Amino acid sequence: MKSVKLGYGILLLAALMLAIVSNAYHAFLLLTVVLLLPVFFLLYVLYGRQCLRVKLAGEGYAYKKGEKIPLAVEIVNRGVFPIINAQISIRYTNRYLSYERDVMFVTSVLPGKTQPTKFCLTSEHCGELHAAISAVTIFDPLGLFQKKVELGHNKQDTETSVIVLPSLNEEKTTPDLSFNTVNEIEEVYSLHKSGDDPSQVFDIREYRPGDRPRQIHWKLTLKQGELMVREFSQPIFNRVTIFIDFNVKSYLKDVLSLVDNMLETALSLSCQLQRHYVQHTIAWFDLRSQDTDSININCEDDIYRAIQHLFAVPLYEGESRGKQLYPAGSLEIYRENVLYFEPGNIPNVSDGERSIV
């Protein structure tokens, strides 16, 4: 930018000297053009910034670690002049940590046209990846002036999120299934919280968007004339609990790798248990609510629902609140078969041994 302005200054000085020395009509005409050129370019970028609209969209929702994540930027030029030099800056973050990375590219758009541009991100760590257009800048053809485009208040057009799934390697987990041989206990269900156990009904209510088809109470729906769904009960007892605590002793450089390893091992174990038809629970401590939460795992879909919840749980430093709340909390009855996970502290599940809290 400085070199362009220096070059323009030299050109202006040369045109001025030529006009003074030659005293010719063409020399004065050249000086006039050189003087008016910045004014024209300034009006060009001011006009162009009002005519440009940019939209960001993801082409999918879930990807594997290291896999290319395609994103699409749609640039609309509603003006009568072409946008020769538009710089788009994309900032993306992993929501487990506040670190940010930037991607930048330059494009052009013809007048009255829409220019779709595709690019790819990659993430070596699992979690929820949030991408947003951080800035759109228009430059004049010489690069003398630049103006940022107002992105507007509709974040849906300038932001998108994707899920980067952990690598579920069931071969590295061999769960101890000896607890299947213990005497069965009568299951107790919560009177205050609904859950996922289809064997007991917690409540019947009207359908809400997001309810699963298997919850629909068809007989009552036909009788009432509107969709009615069952809310299943939340068991207080379960055979085994995988407890995940997002406590990190300190924010080390490799904290995301530690979280990756924790989630991959815990969720791989959950997949193994589910494949052996072992009903279990994934539980975690959430710093925002200062309490534990959980999801019963009855099928593969429940594991991916748990992943979505786990990706929204923030990391925290200091003393482990999960260990403080666990013995006196609502999960106390699970203590017979508990596997406790935290970054850097993973129970041995590779040879069938279990660490009990």
Original post:
How long is the gain from GLU206 to GLU226 if the chain were fully straight, where each residue apart is worth 0.36 nm and the alpha carbon distance is subtracted?
Top reply: 6.4 nm
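By the scheme Lys and Arg +1, Asp and Glu -1, what is the net charge of all other residues having a beta-carbon under 9 Å from that of ILE133?
Within the 9 Å Cβ shell, the charges total 0.
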Original post:
So how do VAL255, VAL240 line up by other beta-carbon neighbours within 10 Å, fewest first?
Top reply: VAL255, VAL240
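Set the bar at 18 Å for Cα to Cα. Now go through LYS55/LYS113; LYS113/LYS155; LYS55/LYS118; LYS55/LYS148 and name every pair that lies beyond it.
Details: LYS55/LYS113 14 Å; LYS113/LYS155 23 Å; LYS55/LYS118 12 Å; LYS55/LYS148 15 Å.
Checking Cα-Cα distances, LYS113/LYS155 exceed 18 Å.
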Original post:
In whole angstrom, and with the biggest value first, how far do the Cα coordinates of region 1-133 range along each principal axis?
Top reply: 70, 31, 19
Subject >> At q = 0.13, 0.24, 0.25 Å⁻¹, base-10 log of I(q)/I(0) for region 81-145 (Debye sum, equal scatterers on each alpha carbon) >> reply: -0.47, -1.03, -1.09
Original post:
Taking θ as phi - 60°, what are the ³J(HN,Hα) couplings along region 78-84 by the Karplus curve (6.51, -1.76, 1.60), each to the nearest whole Hz, with x for Gly and Pro?
Top reply: 9, x, 9, 10, x, 8, 7
Subject >> Amide H within-cut-off set for VAL338, under 5 Å, with H built and near neighbours excluded >> reply: THR241, VAL357
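Values in this text are rule-based calculations from the coordinates and carry no lab data. If you're wondering where the values come from, they're calculated on a predicted model, not measured in any experiment. With ideal geometry, Cβ positions are generated from the backbone for all residues, glycine too; neighbour counts draw on all protein chains shown.
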